[in-house]
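For reference, the structure discussed in these notes is given below.
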């Protein structure tokens, strides 16, 4: 699966992860997120064990990053941005915003109405929250009594409508982050 966005000398495309590009995608992800590892999530998607969508992001023929769409449970209208990152040498050039716009198109094609991001305010990348806010995301804290991990107070949900309509807040619905830690 490839999707394209072109204009202003930029040609952003997403190439869905597969067995042939999996190892390269893991290398790119580790360069962007050196203290985190998406190997399990990427491999599960490539092997058909989940229905998330992860992509390599290219500008023309040059790989500039990774991105992904996931969902949690029965929330079929909420897509979650996952493992979205641009390699350092391509940041602050507008390419990340273009890659995010292309991912929005993919999310709409998949039936999502809203995009969400789970953000750890203690360990998250400082520029990431600013980047998301500049791109129309609003933040709310995440503290769900049934999700022990969230009670640290270090989590936020950033949200944005994919359509020209108000974005319903997450309202602390259970994301099961505690289960994911296991």
Quick one: would you say residue 108 is part of a helix (DSSP H, G or I), touching a residue at least 40 places away in the same chain (Cβ under 8 Å) and farther than 17 Å from residue 15 by Cβ? yes
Exercise. Regarding residue 74, is this residue at pLDDT below 95, farther than 19 Å from residue 97 by Cβ and touching a strand residue (DSSP E or B) at 6+ places or on another chain (Cβ under 7 Å)?
Worked result: no
Looking across the range 51-76 at residues that are farther than 17 Å from residue 21 by Cα and under 15 Å from the mean Cα position of the chain (by Cα), the single one that is surrounded by the fewest Cβ atoms within 10 Å (Cβ to Cβ) is 51
Subset of the range 111-147, residues in contact with a strand residue (DSSP E or B) (Cβ under 6 Å, 6 or more places away or on another chain), free of Cβ contacts under 8 Å to residues at least 40 places away in the same chain and part of a loop (DSSP other than H, G, I, E, B), comes to 121, 136, 137, 142
Conditions (1) part of a loop (DSSP other than H, G, I, E, B); (2) surrounded by 15 or more Cβ atoms within 10 Å (Cβ to Cβ) -> residue 150 fails only (1)
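The values are calculated or read from the model by the stated rules, or taken from the named source; none is laboratory data. Note that the coordinates shown come from a computational prediction; the quantities given were computed from them, not determined experimentally. Here the Cβ is made from the backbone with ideal geometry for all residues, glycine too, and neighbour counts use every protein chain on show.
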